[in-house]
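Every number here is computed from the coordinates shown, using simple stated rules; none is lab data. Just so it is clear, the model here is predicted, and its values are computed rather than measured. Backbone-built Cβ (ideal geometry, glycine too); neighbour counts: all protein chains shown.
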Amino acid sequence: MTIQVQKTATAAGQALDAPMFDRGAYRLTAEQADIITRAREIGQSVLAGRAAGYDRDAIFPTENYKDLHRAGLLGISVPKAQGGLGAGYQTYALAAAEIGRYCGATALTWNMHVCSTLWSGPLADDLDMDEEMRAAHERRRAIHYKRIIDDGAIYSQPFSEGGAAAAGGVAFGTEAKPVKGGWLINGKKIFASLAGHADYYGVLCTEVSEGEKASRRNTLYLAVPAKTEGVSVVGDWDPLGMRGTVSRTLLFKDVFVEEDAALMPRGVYFQAAMRWPHMFMTLSPTYMGLAQAAYDFTLKYLRGEVPGMPPVKRRMYPTKQIAVAQMQIKLEQIKGIWFQAVTEARANPSKEQVLRAYAAQYSVMEGANELAALAIRTCGGQSMLKTLPLERIYRDSRCGSLMLPWTAELCLDRIGREALYEPGETDD
Ligand SMILES: Cc1cc2nc3c(=O)[nH]c(=O)nc-3n(C[C@H](O)[C@H](O)[C@H](O)COP(=O)(O)OP(=O)(O)OC[C@H]3O[C@@H](n4cnc5c(N)ncnc54)[C@H](O)[C@@H]3O)c2cc1C
């Protein structure tokens, strides 16, 4: 397929925005650029126009998911042999940044969905399994992939519980008890994005047998059909930002799931968490996109080119030019470290690569909101009215550094400790 960049027109007749990561400059293949362009096209021509409504009403972007399915993007990381686009980690991350540029809530929820295929797919392929376990896993994941490709099934990823488990400190309190043919699940998940809207909740829980102590090693990743008896969605949802994610509370009361619900075999999630740490960086593309959006808006605004606004130019003032220069420098810094980190995501990364991944996550999550704040200061009072996207970008971007397990605080904590101590070292 030929890649059309700026010449392509959107439905509204606008020229398509330039890619955040140019194919030539970032040495991407034609296939990667095609998938990323697909994300940018749908982002700019479809998602951008709907974002304000989902945000205002704090409702899930259901129509966007129908369009993402039609564009093949629900299966972005499903292998080609099973009808997907076969995107690996880097391609997915770059496409997700383009979606985040136009609708943060769609990008963040799409991330939860895609991770169910990325973690069970290319990531699991890098991990140790014996032949029998791998064959069973391949058979099972094909069931999940078929639902996504054929029916547009949506998966979510609730792991937060309000305690130390989501930060990786202790075993998940949500428990799966083995019973004939499957498991019985009991527990509670907070901030469960897509609650009430996903078809399957990809629940992280601890497999517990009678008399055994709960251990992180026994973490299971199970796709619970949303309509199963015993599953309920409770609580309201009226947050500062990322309002379209509808991250309400999920309760599981004696919920039976069959063995085929496993998105990863026993022990493999724990192995992934230990050996494939970049799996926890997948929330960052959304915010990389928001950082770009804050910058894009500022340029258009100062050039007097924001649709619906009087064509008043403000670009001739030296203070505005300096602010834009500062924003551009910050954006390039974030893009540089983030691109490097998503490019080197792999099993068994070096210590340097892991520290860089924390630094990239921190830079994106804090940097996106810093850019949005600078954009508001630079563009001025009219720019933060609710009729324009900037104030939503500001609110949405504030949520990034709160996302466990790699919050901004936890990244600082880990970088400091892991830079100063080798594994097992103490000062005693
Ligand atoms: C818009 C949005 C969508 C979300 N969607 C999902 C989702 O789909 N699935 C999901 O599982 N979760 C989701 N979350 C939840 C998110 O990942 C966090 O779990 C949640 O924000 C934690 O809130 P808390 O107040 O309980 O944090 P707490 O656990 O009380 O932590 C507060 C802060 O303390 C710090 N902290 C925590 N533990 C430690 C520690 N051990 N050492 C040092 N510092 C620590 C962290 O910086 C943390 O931000 C979402 C959150 C938001 C805002």
- Contour minus Cα-Cα span, Ala15 to Ala71, at 0.36 nm per residue, comes to 18.2 nm
- Message: I need to check one value: relative contact order of the stretch 30-153, counting alpha carbon pairs closer than 8 Å and at least 6 residues apart, in percent.
- Response: 30
- Which listed residue (Cys115, Ala261, Ala95) has the Cα farthest towards the positive end of the charge dipole for the chain, taking +1 on Lys and Arg C-beta and -1 on Asp and Glu C-beta about the Cα centre? Ala95
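Stick to the Cα atoms of the chain, pair each with every other, and give me the Kirkwood hydrodynamic radius in Å at one decimal.
Taking the inverse mean of 1/r over all distinct Cα pairs, the chain comes out at 22.2 Å.
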- Note on the structure: Diffing the stretch 406-420: the Karplus 3J(HN,Hα) column from phi (6.51, -1.76, 1.60, θ = phi - 60°), in whole Hz with x for Gly and Pro, holds 9, 5, 4, 5, 5, 5, 4, 4, 6, 4, x, 5, 6, 6, 8
- the chain: relative contact order as a whole-number percent, Cα under 8 Å and 6+ apart: 15
- R0 of 25 Å, Cβ-Cβ distance Ala373-Asp413: FRET efficiency to nearest 0.05: 0.55
- Any number yet on Rg/Rh for the stretch 321-376, C-alpha, Kirkwood? 1.09
- Query: In degrees from 0 to 90, rounded to the nearest 10, what is the angle of the helix 318-343 Cα long axis to the longest principal axis of the chain?
  - Reply: 30
- Query: Between Phe256 and residues 5 or more places away or on another chain, which pairs have amide H atoms under 5 Å apart, with H built 1.01 Å from N, and which residues are they?
  - Reply: Ile185
- Under Karplus coefficients 6.51, -1.76 and 1.60, residue-wise ³J(HN,Hα) of the stretch 351-356 in Hz, glycine/proline x: 4, 4, 5, 5, 4, 5
- Message: Using 0.36 nm times the number of residues separating Glu210 and Glu63, minus their current alpha carbon distance, what extension gain do you get?
- Response: 48.4 nm
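Evaluate the stretch 80-210: find the radius of gyration of its Cα atoms, find its Kirkwood radius, and give the ratio Rg to Rh. Intermediate results must be reported in sequence, preceding the final value.
Details: Rg = 15.9 Å, Rh = 16.4 Å.
We get a ratio of 0.97 for the stretch 80-210.
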- Query: Just how large is the dipole of the stretch 175-267 about the Cα centre, in debye to the nearest 20, putting +1 at every Lys and Arg Cβ and -1 at every Asp and Glu Cβ?
  - Reply: 280
- Task: Before anything else, pin down the relative contact order of the stretch 190-338: Cα pairs under 8 Å, at least 6 apart, normalised by residue count, whole percent.
- Result: 19
- Task: Using DSSP, restrict attention to beta bridges with both residues in the chain and report what percent are antiparallel, rounded to the nearest 5.
- Result: 85
- Message: Please compute the length gained on full extension between Met133 and Gln321, using 0.36 nm multiplied by the number of residues separating them and subtracting their Cα-Cα distance.
- Response: 61.8 nm
- Equivalent ellipsoid semi-axes - Cα gyration tensor, the stretch 175-267, angstrom: 25, 14, 12
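Given DSSP loops and a limit of at most 10 other Cβ atoms within 10 Å, what is the longest stretch of the chain that contains no such GluC sites (Glu not before Pro)?
So the longest stretch without any such site is 1-209.
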- Starting from one equal scatterer on each C-alpha and no solvent at all, send me the Debye-based log10 I(q)/I(0) for the stretch 65-157 at q = 0.19, 0.21, 0.25 Å⁻¹, two decimals. -0.84, -1.01, -1.36
- Item | Per-residue ³J(HN,Hα) for the stretch 135-149, Karplus 6.51 cos²θ - 1.76 cosθ + 1.60, θ = phi - 60°, Hz, x for Gly and Pro | 5, 5, 5, 5, 5, 5, 5, 4, 5, 5, 5, 5, 4, 5, 6
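State the Kirkwood hydrodynamic radius of the stretch 276-420 in Å, one decimal place, computed from all pairs of distinct Cα atoms.
The answer is 16.0 Å.
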